[in-house]
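Scroll down for the structure; my scribbles are underneath it.
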Amino acid sequence: MSEEKEALTIPLPVPKDASYIYPLSSTLQASLPTLFRTEIIHPALIIPAKQTAELRRVLSHVLMRRPKIKDVYGLSTEEQEKHKGQYRKLVLKLCLKGNTIDSSTYQAEESDVYTDPILSKLLSTTTSSSMMKSTHTITLTYEHYTVEETLSKLLPPTINEIPSAFEIIGHVAHLNLRPDVLPYKYIIGQVILDKNKPRISIVVNKIGNIENEFRTFPMEIIASTSTTTTTTTQNKNNNNNKEKSNRPRLEVQLKEEGSTFKLDFEHVYWNSRLQFEHKRLVRLIANDDGSSRRQDTKEMEMMRRTKRHPQYKHAQQCLEHKKKTDTTTTTITTTTTTTPKQIVVADVMAGVGPFAIPLTSQYNNVTVHANDLNPTSFHYLKLNSQINHCNNNNNILDNNNKGDDDDEQQCLKMYNMDGRAFVRYLEEKQIVYHHVIMNLPANAIEFLDVFRGWKPPLPLPSEKKEEGMYPMIHVHCFASKEEEVGKSEALARIETALQCKLDTSTEDNEVYVHIVRDVSPKKNMLCVSFRLPKEVSLLKKINLDDDDDGSNSKEDDRKEASKESKENENNVQKKREHVNQEVDDTTTEPAVKKCRTDE
Ligand SMILES: C[S@@+](CC[C@H](N)C(=O)[O-])C[C@H]1O[C@@H](n2cnc3c(N)ncnc32)[C@H](O)[C@@H]1O
């Protein structure tokens, strides 16, 4: 049995030399459509016109499926002469198992598609005058082939695995081509572009691994619909430079779970495969039972538009009336009398905001302090905050890249600092937060050392509590695939960074491990959620000073702090009982975690 590929071989020069790079010359590009022109005789079924819709539904599994080509046709003049009345022709698959055929003996009339149980039953129970076997000649051109079919005809037969998988980020298709297909990268890019127009207008290929702290990777453009544009490029420090370049822009706009994101795919981190993790954590933190959701987007948009309109008041009255009468809706508005509990979040490595933006644009009761080290991410975080109306007054913070925490109105406060410095800054400013998100799986756990010596902001006298609030921390990491091994690895790393033990013996201790996704055959991405142990407050703080100030390096300081904490273990041990006593008296706090004594 040979494949259909053989039957339809096109006269393209197949390079003998494997290192030959297909030049995507304008001649080749122009000839692609005609190179693929071919005719195939498909099995078909003549049916009464009025039964077309129903039979297309019943026989959908045996109908021919090709991009941009119909499966129903009228009869030819000759056929009409034979079949008086209103008839149509349904085009069927070449054969039951895919489109594999033997070109030398293939006869459409004898295709095994007719052996399909449903089709054969229909044929045997219907009178021959109202349904009969037939054939139909389909003229295929370049546009009717899928990416995989096209590339399997264009690439040399030595290529076993056709590279047809890619990720879509806005209007960009992102590929990670294997070395053996790199010589054909331009033709691969062009085919993907042609087959996915207009949704995709740029195809990029990853040309190196993530090696920088901003978690971006080098990429090259291998196909694009636009030829030249003026674009913003970035220098070594990731700062924007307005430069003229022939490179098309890699700034994309996309939607994730009801929020809109703009980002420069080349210079900020974005991973569409994290969408479920973004959604999970957002809902977990916002304590989502639907009650604290903002108005639905249409209503919000209407409100926004009508605010500028003289009839705003009337529209507002209509909305109020709608809300009163619409008892089925679960969404509540800002005018709701029972305000849900205010939740404050510190997003330490926020990127362009996939946690922070939905938390502040879709919920009434959440405030987020969002930070990222990458100036370009910070730029897009601010832009996304505007696009999604996170701060109703649309005031964007630009004072020294630090959030204006005096502005009570703003529920999304944005910062451009190192993660450790950010945690220290919030502490110095006595900012209360209930959750911390740390999504930098490669090394976020190590950043937890900044919580050594951390003290919660003092509660207000009105809160009638003796001590402040210890937040839930949600830290992402990579760990072994083997579930139990992976969990213990992650917990051990957390305990080392915190210099405190996490008590996982009961559920009350609030330590949860969630498998986020499969990263590689040996690695999973995890999210460990745990309540920051009170004992951290008893430890010595690490030194965050710069390395180049003539004093010890940061790493040395951390080691020193860690050594000292070990020396303090006895003191900690003594104090623990006292803290335990305090916690037992506090109903809102979890049982205290034990300090590590074995390190
Ligand atoms: C894996 S990305 C996650 C971004 C975002 N949370 C998301 O889910 O898409 C990690 C982010 O950490 C930022 N980052 C790296 N080092 C940092 C540091 N020292 N302090 C703060 N942010 C940092 C990077 O710029 C990047 O945006």
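Details
- Scanning the range 419-436 for residues that are acidic (Asp, Glu) and surrounded by fewer than 17 Cβ atoms within 10 Å (Cβ to Cβ) returns a single hit, 428.
- With respect to (1) modelled with pLDDT under 95; (2) of a type in the set (Gly, Ala, Ser); (3) part of a helix (DSSP H, G or I), the lone exception for residue 468 is condition (3).
- Residue check, residue 182 more than 16 Å from the ligand (Cβ to nearest atom) and open to solvent by less than 60 Å² (accessible area, probe 1.4 Å): no
- Positions within the range 81-91 being outside any loop (DSSP other than H, G, I, E, B) and surrounded by 13 or more Cβ atoms within 10 Å (Cβ to Cβ), in sequence order: 87, 88, 89, 90, 91
- Within the range 50-76, the set of residues being in a helix (DSSP H, G or I), farther than 16 Å from residue 123 by Cα and either small (Gly, Ala, Ser) or open to solvent by less than 40 Å² (accessible area, probe 1.4 Å) (or both) comprises just one member, 53.
- Selection within the range 429-456: residues that are among the aromatic types (Phe, Trp, Tyr) and away from the ligand (no atom under 12 Å from the Cβ). The member of this set that is nearest to residue 489 (Cα to Cα) is 451.
- Residues in the range 344-397 that are in a loop (DSSP other than H, G, I, E, B) and among the β-branched types (Val, Ile, Thr): 348, 352, 396.
- Selection within the range 248-274 - touching a residue at least 24 places away in the same chain (Cβ under 8 Å) and within 11 Å of the ligand (Cβ to nearest atom): 256, 261, 263, 267, 268, 269, 270, 272, 273, 274
- Within the range 382-402, residues that are at pLDDT below 95 and aliphatic (A, V, I, L, M) sit with their Cβ atoms under 6 Å from residues that are part of a loop (DSSP other than H, G, I, E, B) and surrounded by fewer than 21 Cβ atoms within 10 Å (Cβ to Cβ), at 6+ positions apart or across chains, in these pairs: 397/404.
- Failed criterion for residue 475 (all others in (1) outside any strand (DSSP E or B); (2) modelled with pLDDT of 95 or more; (3) closer than 23 Å to residue 422 by Cα; (4) not charged (D, E, K, R) hold): (1)
- Scanning the range 339-378 for residues that are open to solvent by 20 Å² or more (accessible area, probe 1.4 Å), within 12 Å of the ligand (Cβ to nearest atom) and over 19 Å from the mean Cα position of the chain (by Cα) returns 373, 375.
Table: residues versus (1) at pLDDT 80 or above; (2) small (Gly, Ala, Ser); (3) closer than 19 Å to residue 195 by Cβ.
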{"site": "15", "(1), (2), (3)": "no, no, no"}
{"site": "32", "(1), (2), (3)": "no, no, yes"}
{"site": "35", "(1), (2), (3)": "no, no, yes"}
{"site": "42", "(1), (2), (3)": "yes, no, no"}
{"site": "66", "(1), (2), (3)": "yes, no, yes"}
{"site": "83", "(1), (2), (3)": "no, no, no"}
{"site": "89", "(1), (2), (3)": "yes, no, no"}
{"site": "93", "(1), (2), (3)": "yes, no, no"}
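- Looking only at the range 490-511, and only at residues there that are among the polar types (S, T, N, Q) and open to solvent by 40 Å² or more (accessible area, probe 1.4 Å), the one that is modelled with the highest pLDDT: 496
- Within the range 439-452, one or more residues are within 26 Å of the chain's Cα centre (by Cα), hydrophobic (A, V, I, L, M, F, W, C), modelled with pLDDT of 90 or more and in a loop (DSSP other than H, G, I, E, B).
The values are calculated or read from the model by the stated rules, or taken from the named source; none is laboratory data. It should be emphasised that the depicted structure is a prediction, and the values quoted were computed from it without experimental measurement. Note: ideal-geometry Cβ built from the backbone for every residue, glycine included; neighbour counts use all protein chains shown. Remember, those area values only see protein heavy atoms, side chains included, never the ligands or the DNA or RNA. Shrake-Rupley method; radii C 1.70, N 1.55, O 1.52, S 1.80 Å.
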